[in-house]
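Here's the structure, in structure tokens; my notes come after.
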Amino acid sequence: MNSAINFPAWLRADGRKGIRNVIVVAYLVECAHHVSRMIVNRADNIDVHLIGFPGCYPNQYAYEMMRAVCTHPNVGGALLISLGCESMNREKLLKDIHASGRPAELLVIQEAGGTKSTIKSGIEAVARLQAQAAQVERVPMYLHELIVGTICGGSDGTSGITANPAVGRCFDALVAADATCIFEETGELIGCETIMADRAITPELGVEIEACVAKAEHYYRVMGFGSFAPGNADGGLTTLEEKSMGAYSKSGSSPISGLIKPGDIPPAGGLYLLDVVPDGEPRFGFPNISDNAEIIELIACGSHVILFTTGRGSVVGSAISPVIKVCANPETYRRLAEDMDVNAGRILEGEATLDEVGEEILQNVIDVASGKRSVSEDLGHQEFILTYKTFEPIGPSCLPVRHIA
Amino acid sequence: MNKTTIAPLILLHPDDNILVCVRQIRAGDAIDIEQETIISPIDIGVGHKVARFALAAGDKVCRYGAPIGSMIETVAKGHHVHMHNMKSDYIPSHTRTRQTQYRSEE
């Protein structure tokens, strides 16, 4: 890979580099959602995104996630909208964002005069934040500085043959260039734990990987449902382990350098597994209620770009980081071409090889990192979901020093 | 390669006992499996599986060279392998109509 490949990035005061300069408007409880949405609607700018947390009760994970996404390298400033009586620690969040060197403002609806007054103040605040974000220095960012996450959604029987292994090829090329790649959803890796553990750079990390998949299996058993949607079966998949084997191929063939949890930033280039299943006895419901909850966790780990593979045809994007859609099924591609970036279904029709599609995905990553809007981004998809979870910090074996191996 | 000459079924791994459909098969289509021509009794959609050999209840179903579940009924060579005749060895799958174990109307 050409190590000179670079793109114009925004250099944040904390030293991180972003490929977008997004202003986030964050509601800190559902009661502030409407006001926040009105501010974003009135701003009417593709780089002003609505995010938030609906709950009124305190939750450490939710706080850490909000802090992580508001200080993401793609974020140039944050406007926090509080109702006033919710538990989210708005002063600490504002302080943490300021400490990252980003401009941030806080509006409390109960103190700002109500709905109309807060919307009016919010629109003015967004304009101030945009003006400050526009002053951020642009610097070259190299491929090895990029963090790329991957997820599959609406998988079918073609996903594991075309789009997922093609993303795996792209991941292998990125890891070879010392970029950072993250794959996730341990509940969709049930059945792959042994082969996955063999790829860990230390035996101790392998043990941690097997344990986190066992945790996922226990959690989903308690929930009563595996991570398997009706559409998966319509598309030819039959079992969780069949879906898992297909999903697993997104990780490519590089050694696994570490196991992280939502909000952990990988310490160096390499391939990482993100454990998205909560720790402790199951509570608060399903680990991730839909794909976008996982995307936000990948973004909280620093992902600048997301590679989203789909067989049945998902249309979602995300707030904060662009989502590139890789369609596995040629029939789905023909039906939903307007929502797809890459047609990996060509592999099934003999029109392209896995390696060629892998290269095409990599080129899309470079183009999107260079400023080209991904299809979902251009369509205005800015989904965001954050719900309650509980996590313990990762264990000492989860991030071995890479060069020991 | 020309689109029209692509075989409708592919073998992903030499150890597999199923083939994956990569081009829509219609009921009555002749399909070649392991030196034998079989008339497909039903439509098979892209992404779905058919048996490479006759399989019995309890047989592990292999795809990508790895087990992806077990047969719960016998299936003839060339016939559909799906939720009506196989199950997970981990957590049961659900569908819109059946929230536990799915039985097809076949």
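How do the helices (runs of 4 or more DSSP H) wholly within the stretch A:184-264 filter down when requiring 3 or more residues that are in contact with a helix residue (DSSP H, G or I) (Cβ under 9 Å, 6 or more places away or on another chain) and either within 14 Å of chain B (Cβ to nearest Cβ) or closer than 16 Å to residue A:279 by Cβ (or both): which remain?
A:193-197, A:203-223, A:240-248
So residue A:266 fits all but one of (1) within 25 Å of residue A:300 (Cα to Cα); (2) surrounded by 24 or more Cβ atoms within 10 Å (Cβ to Cβ); (3) out of contact with any Pro (no Cβ under 6 Å at 6 or more places or on another chain); what number is the exception?
The single condition residue A:266 does not satisfy is (2).
Residue by residue through the stretch A:115-157, note down the ones that are modelled with pLDDT under 95 and of a type in the set (Ser, Thr, Tyr).
Answer for the stretch A:115-157, where residues must be modelled with pLDDT under 95 and of a type in the set (Ser, Thr, Tyr): just A:155.
Does residue A:179 meet the test of being within 20 Å of the chain's Cα centre (by Cα), among the small types (Gly, Ala, Ser), closer than 29 Å to residue A:16 by Cα and assigned by TED's automatic domain parsing to the domain that holds residue A:278?
yes
Is it the case that the stretch A:99-118 has a residue that's within 24 Å of residue A:381 (Cα to Cα), polar (S, T, N, Q) and crowded, with 24+ Cβ neighbours inside 10 Å? Give the derivation first.
So in the stretch A:99-118, the residues within 24 Å of residue A:381 (Cα to Cα) come out as A:104.
Adding the requirement that they be polar (S, T, N, Q) leaves none.
Taking every residue of the stretch A:99-118 in turn, none turns out to be within 24 Å of residue A:381 (Cα to Cα), polar (S, T, N, Q) and crowded, with 24+ Cβ neighbours inside 10 Å.
Are there any pairs, at least 6 apart or on different chains, whose C-beta atoms fall under 6 Å, with the first in the stretch A:185-210 and free of Cβ contacts under 8 Å to residues at least 40 places away in the same chain and the second of a type in the set (A, V, I, L, M) and buried (at least 22 other Cβ atoms within 10 Å of the Cβ), and if so, which?
Matching pairs, first to second residue: A:193/A:213; A:197/A:209; A:206/A:200.
If you go through the stretch A:315-340, how many residues are under 11 Å from residue A:159 (Cβ atoms) and more than 14 Å from chain B (Cβ to nearest Cβ)?
Selection size over the stretch A:315-340: 1.
For the stretch A:351-365, give me each residue that is of a type in the set (Val, Ile, Thr) and buried (at least 17 other Cβ atoms within 10 Å of the Cβ).
Start the filter on the stretch A:351-365 by keeping residues that are of a type in the set (Val, Ile, Thr), which leaves A:353, A:357, A:361, A:365.
If the condition is that a residue be of a type in the set (Val, Ile, Thr) and buried (at least 17 other Cβ atoms within 10 Å of the Cβ), then A:357, A:361, A:365 are the ones that fit.
Touching a strand residue (DSSP E or B) at 6+ places or on another chain (Cβ under 6 Å) and without any contact (Cβ under 8 Å) to a residue 24 or more places away in the chain: is that true of residue A:121 in this structure?
Spelling it out, residue A:121 is indeed touching a strand residue (DSSP E or B) at 6+ places or on another chain (Cβ under 6 Å) and without any contact (Cβ under 8 Å) to a residue 24 or more places away in the chain.
With the structure loaded, tell me whether residue A:282 is at pLDDT 95 or above and in a loop (DSSP other than H, G, I, E, B) or whether it fails that test.
no
What tally of residues in the stretch A:10-37 results from selecting those that are closer than 18 Å to residue A:177 by Cα and of a type in the set (Gly, Ala, Ser)?
The number of residues fulfilling the criteria is 0.
Which of (1) within 11 Å of chain A (Cβ to nearest Cβ); (2) within 27 Å of residue A:221 (Cβ to Cβ); (3) modelled with pLDDT under 95 is the odd one out, the single condition residue B:8 does not satisfy?
(2)
Going through A:299, A:324 one at a time, which residue ends up being closer than 28 Å to residue A:65 by Cα, out of contact with any Lys or Arg (no Cβ under 9 Å at 6 or more places or on another chain) and assigned to a strand (DSSP E or B)?
Criteria check complete, one pass: A:324.
Report yes if residue A:308 is more than 14 Å from chain B (Cβ to nearest Cβ), of a type in the set (Phe, Trp, Tyr) and not in a loop (DSSP other than H, G, I, E, B), otherwise no.
Spelling it out, residue A:308 is indeed more than 14 Å from chain B (Cβ to nearest Cβ), of a type in the set (Phe, Trp, Tyr) and not in a loop (DSSP other than H, G, I, E, B).
Regarding the stretch B:61-71, can at least one residue be identified that is at pLDDT 85 or above and assigned to a loop (DSSP other than H, G, I, E, B)?
Scanning the stretch B:61-71 turns up at least one residue that is at pLDDT 85 or above and assigned to a loop (DSSP other than H, G, I, E, B).
Looking at the stretch A:367-397, which of its residues are of a type in the set (A, V, I, L, M, F, W, C) and surrounded by fewer than 18 Cβ atoms within 10 Å (Cβ to Cβ)?
Matches in the stretch A:367-397: A:379, A:394.
Of the conditions (1) more than 30 Å from residue A:349 (Cα to Cα); (2) in a strand (DSSP E or B); (3) touching a Cys at 6+ places or on another chain (Cβ under 7 Å), residue A:273 satisfies every one except a single condition; which number is it?
(3)
Considering only the stretch A:313-327, how many residues are farther than 17 Å from residue A:369 by Cα and crowded, with 24+ Cβ neighbours inside 10 Å?
Taking the stretch A:313-327 as the starting set, the residues that turn out to be farther than 17 Å from residue A:369 by Cα are A:313-316, A:327.
From what's left, crowded, with 24+ Cβ neighbours inside 10 Å: A:314, A:327.
The number of residues fulfilling the criteria is 2.
Working carefully through the options A:303, A:253, A:257, find the one that is under 25 Å from residue A:174 (Cα atoms) and over 20 Å from the mean Cα position of the chain (by Cα).
Going through A:303, A:253, A:257 in turn, the sole match is A:253.
The values are calculated or read from the model by the stated rules, or taken from the named source; none is laboratory data. Fair warning: this is a prediction, and the values are worked out from it, not measured in the lab. With ideal geometry, Cβ positions are generated from the backbone for all residues, glycine too; neighbour counts draw on all protein chains shown.
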